[in-house]
Amino acid sequence: MEKVEFKTKLKRVSKAGFFNFWRSGYVSLASVLVMVVTLLVIGSVIFISAVLNITMEELRNKVDINVYFITTSQEKDILSIKTKIESLPEVSNVEYISREKALENFRLRHENDQITLQALDELGDNPLGATLNIKAKEPSQYEGVANFLNEENILSSDGSKIIDKINYFENRTAIDKLSRIINSAEHLGLVLSLALVVVSIIITFNTIRLTIYISREEISVMQLVGASKNYVKGPFVVTGVLVGLISGLITMLLFLPISYWLGGMTENFFIGFNIFSYYLSNFFQILFIVVGSGIAIGAVSSFLAVRKYLKL
Amino acid sequence: MALDKVSFTVEPNEFVSFVGPSGAGKTTLLKMLLAEERPTEGKVMLHDMDINFLSSQDINFMRRKIGAVFQDFRLLPNKNVYENIAFAMEAAGRPDEEIESDVPHVLELVDLSPKIWNFPNELSGGEKQRVAIARAIVNQPDIIIADEPTGNLDPANTYDIVQILKKINNLGTTVILTTHNKGVIDSIGRRVITMQDGKIIRDDVTGKYIL
């Protein structure tokens, strides 16, 4: 009975889907508009999560522990402590600042402050101790590192105490608060954006369902003429894919001026993050996600919606 | 309950008309012939198979062998005349070359060749019904089922449609028709089954419209 091959069927179904999209005019336009809104939401989630990630990264990098050594401590003792700390699994890196370097930094910081510099010269000797700046991999791990330093009564080779102070215990509340904020911001952001995405997908799904509801008579006619289920479904799915594809491309075009306009603002607010350059440098990745989501939402919604009106 | 213990047989190449007041069950009966509805009891036999036991795939094959025409035309609004007729052939899995040669041919048969590229909303009622008939016959079905095909048409178009159905019947296709129209029945002059309240009350070999 069936005399045509798959290629011909595919051609017929695609053609019918394309004509259906084109000839439905306003109905297709309505679906495209709603789909564009959904894809804008999905795209915004990508941008927001990028902004969040980069901000978190910045904040994390700002948190550290400074260990101040007394001025008389030996460099070799400090370096041996440094290697010990570096061997801790939580620690990502340790920076050693020698007494001389600390003095140099101090002078640099106060180069416009003559009085302080004069007072420093009066002293004759270098009043600053060496420091170790420790960065942990996660903000929550600073406590462990600080406790290690405290418990491990770190002594010099001759047995005297060489650590002057560890500033973690002063910064502790601030660090704790920050890591809590970072965590909850990430969770909240994830939940909120997921909710937004789900809501807009539901709206799009319902819009597409309505457009197919308009065609429910046609669907029954097609079946009365003897068209198989898949042959009836096919063109509607193709139309859905087209709606997704076109909406995806429109959305990508819209993001160009939007991110350009927001670029300057984000650059001032989140240090060094320009949303426009992020958009350009990740263009193909974002294109793939946005257009891909559009096509998937369009195809799946159409598929499910037609199924409802198929008898047999 | 729309139908109650109906029983009849239609022979190949017959032209049978069902008449009766609205609500007599004519449309329900035709829906059962197309397996759109199923009887709670009893059988609908096509050749020697009960169509209520067919798989959905076999129902599709069966429907390609039965052309259906309705009072409200049921054309696909987003397809032009050519595509509406071609759709039935595509659904039946016919190759492109056959479609390209058969569609103009069948349009000639219903005398609608000039409107081949028009859309349904650009056609009159009579023209739409002729497209519907062309779609119904293009797969050379064994049977044409026409449910009040002239219900929405003026007398001139009604006459044309009846002439087309008679021509199709003369070419060897069984025609099953329902109608309210006395003139239609009288001009056909073939077998008439009269229904009332879901029952067959008369079955005349060369019937007139009697109620």
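Points worth noting:
- Per-residue average of Cβ from other chains inside 10 Å of A:215-224: 5
- Chain A: angle of helix A:142-151 to the longest principal axis, Cα-based, in degrees nearest 10: 30 degrees
- Relative exposure of A:GLU100, A:GLU143, judged by other C-beta atoms within 10 Å (fewest first): A:GLU100, A:GLU143
- Normalised by the number of residues in region B:56-171, the mean separation of alpha-carbon contacts (under 8 Å, six or more apart) gives a relative contact order of 41 percent.
- Taking a Cβ cut-off of under 14 Å around B:LEU30, the surrounding Lys, Arg, Asp and Glu residues balance to a net charge of 0, with basic ones at +1 and acidic ones at -1.
- DSSP beta bridge pairing in the protein assembly as shown, given as percent antiparallel to the nearest 5: 55 percent
- ³J(HN,Hα) computed for each position of region A:75-88 - Karplus, 6.51 cos²θ - 1.76 cosθ + 1.60, integer Hz, glycine/proline x: 4, 5, 5, 4, 5, 6, 5, 4, 5, 4, 5, 4, 6, 5
- Ellipticity at 222 nm from helices only: DSSP H runs of n ≥ 4 in chain A, each -39500 (n - 2.57), divided by the residue count, give -25500 deg cm²/dmol.
- For B:LEU46, the amide hydrogen comes within under 5 Å of the amide hydrogens of B:ILE51, counting only partners 5 or more places away or on other chains and with H modelled in the peptide plane.
- Inter-chain neighbour count for B:161-171: the average number of beta-carbon atoms from partner chains within 10 Å of each residue's beta-carbon is 0.
- Normalised by residue count, region A:1-148 yields a Cα convex hull volume of 271 Å³ per residue.
- Straight-line reach from B:LYS199: taking Cα to Cα under 17 Å and skipping same-chain neighbours fewer than 8 places apart, the lysines in range are B:LYS5, B:LYS26, B:LYS31, B:LYS43.
- Per-residue mean of C-beta atoms belonging to partner chains within 10 Å, peptide B:51-64: 3
- Net charge of neighbours whose Cβ lies under 14 Å from the Cβ of A:VAL300, counting Lys and Arg as +1 and Asp and Glu as -1: +4
- B:ASP204 sits among other residues whose Cβ lies under 10 Å from its own Cβ, and their net charge, with Lys and Arg +1 and Asp and Glu -1, is +3.
- Cα pair distances exceeding 21 angstrom across region A:170-257, given as percent: 60 percent
- Reachable aspartates and glutamates, given that their alpha-carbon falls under 12 Å from the alpha-carbon of B:LYS208 and they are not under 8 places away in the same chain: B:ASP186
- Lysines whose Cα lies under 20 Å from that of A:LYS15, excluding same-chain neighbours fewer than 8 positions away: A:LYS3, A:LYS7, A:LYS229, A:LYS233, B:LYS79
- Sequence-ordered 3J(HN,Hα) estimates for region B:108-118 from the Karplus curve with 6.51, -1.76 and 1.60 and θ = phi - 60° stand at 5, 4, 9, 6, 9, 3, x, 9, 4, 9, 7 Hz, glycine and proline given as x.
Any read-out appearing in this document is the output of simple, stated calculations on the displayed coordinates, not a laboratory observation. From a predicted model like this one, the values you see are computed outputs, not experimental measurements. Methodologically, a virtual Cβ is constructed for each residue, glycine included, from the backbone with ideal geometry; neighbour enumeration extends over all protein chains shown.
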